[in-house]
Structures are given as structure tokens and as C-alpha cells.
Amino acid sequence: MENGEIKLEELAKEREDYLTSSKHKVLRHALSQTKLSQVVRSDDKAAESDFIYSYNVKTLPVSNQKRSGRCWIFSASNLLREMIAKKTQMKMDDKIHNGNFEISQNYISFYDKLEKINYTLEGVISLLDEKPDDRKLMFLLQNGVGDGGQWDMYVSIVKKYGICPKSAYKENAQSDETKDSNAVINTSIKKFAYDAQKLYKESGDLNKVRVLKDEYMLKAYAFLVDCFGLPPTSFDFEYISNDGGYKIERNLTPKSFFDKYIGSEIDEYVSIINAPTKDKEYYQTYNIELLGNVIGGKKVTHLNLPMERFKELVVKQLKAGELVWFGSDVSKFGNREEGVWDQAAFDYETPFDLELDFAKDGMLDYHDSMMNHAMVLTGFDEKDGKIIRWKIENSWGEANGNKGFYQMSSAFFDHYVYQAAIKKEFLGKEELEAIKKTAVLLPPWDPFGTLAD
């Protein structure tokens, strides 16, 4: 292949060599009837994959995002509901009443979608003079409005709109499966971009473009209400307390509910990341261009830390009895049914001679890995002073894993976990000084601009 061409005679020789291999014959037969991930599944270290942990924070049962990409909302809401349960002294093991207590994910998602549409239309307006193939405009339109998000985006929504119990604003057919509604929203956004650029080119009048935007936003709001329901403006909050007593708080608004039970405590969280790439210094903060949802809300900001320090902070927060929201790449080396993420549980090298696990900085730089799912860390198993696995509250229902709880090996955590939300009280002096620095602005397509979904 001196000139890069696949030569037919060389291909014939490769075919002949392949047909003499008994190993490949067995693999071919196996793969014709079995999923690839099952063929390479290795049980050599199964004994290390039990669901017993030396440290565990008790939680309410897992939630289920179903066929949507709202993991970041579910996981962050699971963290907040534990805060509410503690403050109300809610009876944690009451499966009939409190066992299904959840913050309405649909409510947060409704306003997130509304704000994202507005954010994206404003982005289009800022690029009115650009051609359709401008890289930023293409990025904005191709990514569009979806279900995904990041921690700071969650903070922006709940601080502006508040929260409510799931009983006040339930899931429905559209929130359970968002593919179709997202497609309609994004086609509408692209149509706005077409109409807005055409109008601006013809008139040169930005005010006319803003009138057009207002028309699109009115239609977007109506569409969201049609799909997801009319968000509540008030509700009653009922629960059973630890003493077995029935409690009710009447005529709460989403904002008053949030202010009473969460309030400024949510501002104490800092998004930390582990980005070992050459373009990102440790103990430096970063923003990402064109990333956000609420205009005027909290800017998405990440503090980059070495992995060892990253883990130390996670452990400190867990040992204080507090859960940790975090983001990871879960597309690799995972068994959804068993609820395990572990490189050692999948052997691609023995059958195929393929080494798929490479350096974390290389995976980021060459677009092989980035955060794509958010969950909650609830514990870990420590032996001889070292953590060997982590306990995770997922949002994929109770059918898989250990009643919906998953685990990560220590090696997988180091390699594929990218982000966590840590309270300032657990940060050291160097980190507290670092978050005061002016953030470095990264381009929209930076891997840390990806959304957990």
C-alpha cells in the first residue's frame, strides 16, 4: 500500500491468511449470533464487581429518564431531593409515600427548552452577517436544542424558575420520549435562521429581526405547553415525616419552594473538571463560547484539577454525607444489564488484537471520548487505603444494575470521568484562589462544551 491504495492481490492474500485462522472462524460464528459486547465480555475479575461498599450515603430510590436525554436534570434533581428530604426530616424508607418523592424533571426541562430556544435564536442573531457555512453558525444549528446540559445550566434554570414536586407536574408521553419534539424545535430554529438572515439582508433593520424572533418565541412556548403540559404556578407539598406524621405545606410556588429548601446553597457548588490536555492548565477556570441556556444566568465555568485532587474532593464531600453530581463518558466498557463500567470486564485485545483504551489526553484531543452522561456518586469501596470501585445512582430505572445503582472501577473512573460539582467548603486555598481568576474562553467545539444526555 505504498500509495495508500488497497491492492486486490494483497487483499486476496489477506483473505487466504484469514481463512486459515481457527480463532477467526470461531469469532465469526460467535459474532453472527451474539452481540459484540457479549463476545468480548470477560468474567476474569467478576469477583471484584460485587455491590458491597465500605462507604455509602443512603438515598431515595432511583429515577428513570426513559427515552430522553435529561440525565443531567434527573441526577441534579436527585441531589436536590435528598437535601429537601433531610431538611424536612422526611421518612426515607416509606416506600408507599415518600419512596417515590422526586423533583419534577419535566418542569425543569420545560423551562430549559424554552431558554435554550431563546439562547440559540440570540446566537443566530449575533451571526446575522455570517454565511450559512460559517463554522460557529453551523455548530449552533447542527447542535441545536436538545435534552442535554451541564451543572451550571441546571443552576441557572432552578434559580430563575424554581422547582416543584413531580406530583405537581408529571411526566407524559412527550417528556418520556423527546426525539420528535426536539426535531420540530430544531427545524423551526433553522427556519428562523433562514428567515432572519433573509430579512436582515433585505432590510438591514435589526428591529424587524427581533420582532420576527418574538413571533417565533410565542410559537415555541405554545408548542412546549402543547407537548409537556402547562407548568404549575402553585401547589401543595405533602410528605410523611420520620415520626410518622402527615405534613402538608399549602400554596407554595415553584420559586418559594426552591428558596425555602435550596436557596443560596446551590451557589456553593463549583464545577471541577479533569482535562489533562496541553491546552488546559490545572488550577485555571474555563468558559465555553456559545454554551448555556439562560441569558443573564450563571455562566458555565469549569475549574481544571489533576485527577488525584479531583478524587480527594469527591471523597471529602461523600464522607461529609453529601452526594456528588458528576459527568462521565459511559459509551465504553460498560454492561448496562449488570450495571458495571470497567475496562477489565471487556477484552478486545485477545480476540482482535485491538487496544482500544488509550491516554485520556489523547482521547480528548482526538475526539474519542468526552462527557456524555451525568449521574450521582453515592459511595465507594476502599481497601488498603485505595478506592477500588465507586457506587453510582443512575437514572435508567431499577431494572438494570443493582436496583438501578451502578458501579465504576477505579481505573474507569480515572480514565472516563470528566466533571463533578463540589461545594466550596471542601476546596483548598489553591482552588479557592483559582476560581477567582479570569476564565479562559474555549471555542464552542471544545470537548468540555459537550452536554450530558
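Points worth noting:
- Virtual spin-label span in nm between TRP445 and GLU308, 7 Å along Cα→Cβ: 3.6
- Value in Å of the Kirkwood radius, where segment 375-453 supplies the Cα pairs that are averaged: 15.5
- In segment 416-451, the chymotrypsin sites (Phe, Trp or Tyr not before Pro) that fall in loop regions by DSSP, at most 16 other Cβ within 10 Å: TRP445
- Computed over segment 47-166, the percent of Cα pairs more than 26 Å apart is 39.
- Neighbours of SER409 by Cβ distance under 11 Å: Lys/Arg scored +1, Asp/Glu scored -1, total -2.
- Between ALA183 and ASN242, the modelled label-to-label distance comes to 5.1 nm, taking each label 7 Å out from Cα in the direction of the beta carbon.
- Rounded FRET efficiency, nearest 0.05, which uses the C-beta distance separating LEU356 from SER22 and R0 of 30 Å: 0.80
- Both radii come from the Cα set of segment 1-86: Rg as radius of gyration, Rh as Kirkwood radius; their ratio Rg/Rh reads 1.29.
- The magnitude of the dipole of the chain, with charges of +1 and -1 set on the Cβ of Lys/Arg and Asp/Glu and taken from the Cα centre, is near 1440 debye.
- Calculated FRET efficiency for the pair GLN142/LYS198, C-beta based, R₀ 25 Å, to 0.05: 0.80
- Loop-located trypsin sites (Lys or Arg not before Pro) in segment 341-435 whose Cβ has at most 15 other Cβ within 10 Å (DSSP): LYS403
- Calculated P(r) of segment 1-49 - Cα pairs past 11 Å, %: 76
- The spacing between segment 113-179 and segment 257-329, judged by their C-alpha centroids, is 20 Å.
- Taking the number of Cβ atoms within 10 Å of each Cβ as an exposure proxy, the fewest-first ranking of THR277, THR450, THR350 is THR350, THR277, THR450.
- Long-range HN-HN contacts of VAL40 with modeled amide H, under 5 Å: none
- Backbone phi angles across segment 385-398, fed through the Karplus curve with coefficients 6.51, -1.76 and 1.60 (θ = phi - 60°), yield HN-Hα couplings of x, 10, 7, 9, 7, 10, 9, 10, 8, 9, 10, 10, x, 8 Hz in residue order; Gly and Pro are listed as x.
- Zone of TYR282's modelled label, taken as backbone nitrogen in segment 296-312 under 14 Å from a point 7 Å along Cα→Cβ: 304-312
- All-pairs alpha carbon distance profile, segment 115-252, 5 Å steps from 0, percent: 2, 8, 15, 17, 17, 13, 10, 7, 5, 3, 2, 1, 1, 0
- The length gained by stretching the chain between ILE52 and GLU349 to full extension, at 0.36 nm per residue less their Cα-Cα distance, is 104.0 nm.
- Cβ-based net charge around SER167, under 12 Å, with every Lys or Arg adding one and every Asp or Glu removing one: -2
- Taking every DSSP helix (H) stretch of at least 4 residues in the chain, weighting each as -39,500 (n - 2.57) and dividing the sum by the residue count yields a mean residue ellipticity at 222 nm of -12500 deg cm²/dmol.
- The chain - convex hull of the alpha-carbon atoms, volume per residue in Å³: 191
- Each DSSP beta bridge with both residues in the chain is either parallel or antiparallel, and the antiparallel ones are about 85%.
- Where GluC sites (Glu not before Pro) in DSSP loops with at most 16 other Cβ within 10 Å are excluded, longest remaining stretch of the chain: 131-280
All of the numbers you see were taken from the coordinates with simple rules; none came from a lab. Here the structure is a predicted model, which is why all the values come from computation and not from measurement. All Cβ positions, glycine included, derive from the backbone under ideal geometry; neighbour counts span all protein chains shown.
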